[in-house]
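Working notes, beginning with the structure itself.
The values are calculated or read from the model by the stated rules, or taken from the named source; none is laboratory data. No experiment lies behind these values; they were computed from the predicted model shown. A quick note on method: Cβ atoms are made from the backbone with ideal geometry, for glycine too, and the neighbour counts reach across all protein chains shown. When the accessible area is computed, the model is the full protein with side chains, heavy atoms only, and any ligands, DNA or RNA have been set aside. Shrake-Rupley method; radii C 1.70, N 1.55, O 1.52, S 1.80 Å.
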Amino acid sequence: MSNLFENGASKGTILSFGELLLRICPDANGQWLSDNQLPFFVGGAELNVATALALWELPSAYFTALPDNEMSAQILGYLQNKKIDTTPVFIRGDRIGLYYLTRGKDIKNNALIYDRANSAFAALKPGQVDWDKVLDGVSWFHFSAICPAISQNVADVCAEVLEAATARNITISVDLNYRSRLWQYGKQPIDIMPQLVKYANLIMGNIWAAERMLGIAVEPDVTESGQKSIYLKEALNSSKSIISQYPKCKAVANTFRFDAGEGIDYYTALYNGDHLYSSKQYDTDKVVDKVGSGDCFMAGLIYGFYNNLDPLETLEFATSAAYQKLFIEGDATTKTVNEITKAIKQ
Ligand SMILES: Nc1ncnc2c1ncn2[C@@H]1O[C@H](COP(=O)(O)OP(=O)(O)OP(=O)(O)O)[C@@H](O)[C@H]1O
Ligand SMILES: O=C(O)C(=O)C[C@H](O)[C@H](O)CO
């Protein structure tokens, strides 16, 4: 894996780019109304990646947009305490986006409400940010399918920064995370994502997201079979198609996370152009918080590639990190490299 990304991925800062959201967590029974209390967490898919990488002692920086007020200053201080370099944060606009998610529910559910219209990030437009400054010292740029789902302007900003990062020979990763509540501006993922994914060297997601966003077909009866061997075969086919259609892409990773009663069955796959690696399978009958498990997997992949770990080592680290996240309340992981490595299934 060491030579997978030839452009010196290990030399500089890893910049995660995306919208910071505060997660507000009402309980399902409405007790929050009597208690006058609403728990919250600092979230945002790409911030979860930046948080994990900083915790794992890699040089992690974050680009988002926040309004110029005291609350933003407090949040920036909080991120800096987590060793995230917030120098790139763009201070402009009116508000910080929110999402409400009923405690114990996941993002696919009706329990998710976005309140992020007119946020500072959503107000970004091409031509506003000095990307040369933001990308100075950066060797890895990470973004996700959430940003281009916000508005045409934000999708255009993504294209702008991706072009600038490519011109600087920066390694680029993307998480194809699909959020059905977004994409409300008249465009579907398939209209937008291929033009952005073409810049990526590492693509992470799942086979259904690749179908929806990139038009890479999944066998229609694959879900009915429910068989791991069939899912892995689909992962191989999907990954091969992606690599043949997107010449910059050198590796594709897929997660398989299936609900099993109150719990989850989880495994993952990584294709590096030669071989499909599959992880150990993790099964649990109870989870604490599903939010951010995919982000933690993404961070684990970046950690492995950045440190030139072997493909299987990278995959097992990322999978263990993502699985551990299921038992942590909040959006980002709190597990160290040591804890994650020790928890890798033997
Ligand atoms: N259309 C589908 N049919 C069947 N299973 C699916 C489908 N879409 C997603 N899944 C399963 O759900 C899992 C989680 O998908 P999801 O899109 O929520 O991942 P994610 O966005 O990475 O999660 P996270 O919120 O942790 O970041 C996938 O790994 C896959 O196994
Ligand atoms: O859904 C979003 O836009 C978020 O960023 C909220 C969560 O942090 C994210 O979905 C977790 O992957």
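For region 174-202, the candidate set comprises residues that are β-branched (Val, Ile, Thr) and more than 16 Å from ligand 2 (Cβ to nearest atom); within that set, the residue that is surrounded by the most Cβ atoms within 10 Å (Cβ to Cβ) is 197.
When you look at residue 277, is it away from ligand 1 (no atom under 14 Å from the Cβ), outside any loop (DSSP other than H, G, I, E, B) and touching a strand residue (DSSP E or B) at 6+ places or on another chain (Cβ under 7 Å), yes or no? Judged against the criteria, residue 277 is a match. Just to be sure, is residue 341 touching a strand residue (DSSP E or B) at 6+ places or on another chain (Cβ under 7 Å), polar (S, T, N, Q) and open to solvent by 10 Å² or more (accessible area, probe 1.4 Å)? Answer is no for this residue.
Taking the criterion of being more than 12 Å from ligand 1 (Cβ to nearest atom) and open to solvent by 10 Å² or more (accessible area, probe 1.4 Å), the residues of region 294-308 that qualify are 303, 306, 307, 308. Among the residues of region 145-173, those that are of a type in the set (Val, Ile, Thr) and either loosely packed, with under 15 Cβ neighbours inside 10 Å or farther than 15 Å from residue 63 by Cα (or both) comprise 150, 166, 170, 171. Residues in region 90-121 that are farther than 30 Å from residue 261 by Cα, open to solvent by less than 30 Å² (accessible area, probe 1.4 Å) and either touching a Lys or Arg at 6+ places or on another chain (Cβ under 6 Å) or more than 13 Å from ligand 2 (Cβ to nearest atom) (or both): 3 in all. If you filter region 122-144 down to residues that are out of contact with any Gly (no Cβ under 9 Å at 6 or more places or on another chain) and open to solvent by less than 10 Å² (accessible area, probe 1.4 Å), you find that the one that is nearest to ligand 2 (Cβ to nearest atom) is 141.
Across region 258-289, the qualifying residues are those that are in contact with an Asp or Glu (Cβ under 8 Å, 6 or more places away or on another chain) and within 16 Å of ligand 2 (Cβ to nearest atom), and the one among them that is most open to solvent (accessible area, probe 1.4 Å) is 288. Might you let me know whether region 303-317 holds any residue that is assigned to a helix (DSSP H, G or I) and within 16 Å of ligand 2 (Cβ to nearest atom)? No: zero hits.
Just to be sure before I move on: is residue 209 crowded, with 21+ Cβ neighbours inside 10 Å and part of a loop (DSSP other than H, G, I, E, B) in the structure I sent? Taking the combined requirement at face value, the residue does not satisfy it.
Residue 311 meets each of the listed conditions (1) over 21 Å from residue 342 (Cβ atoms); (2) in contact (Cβ under 8 Å) with a residue 40 or more places away in the chain; (3) open to solvent by 10 Å² or more (accessible area, probe 1.4 Å) apart from (1).
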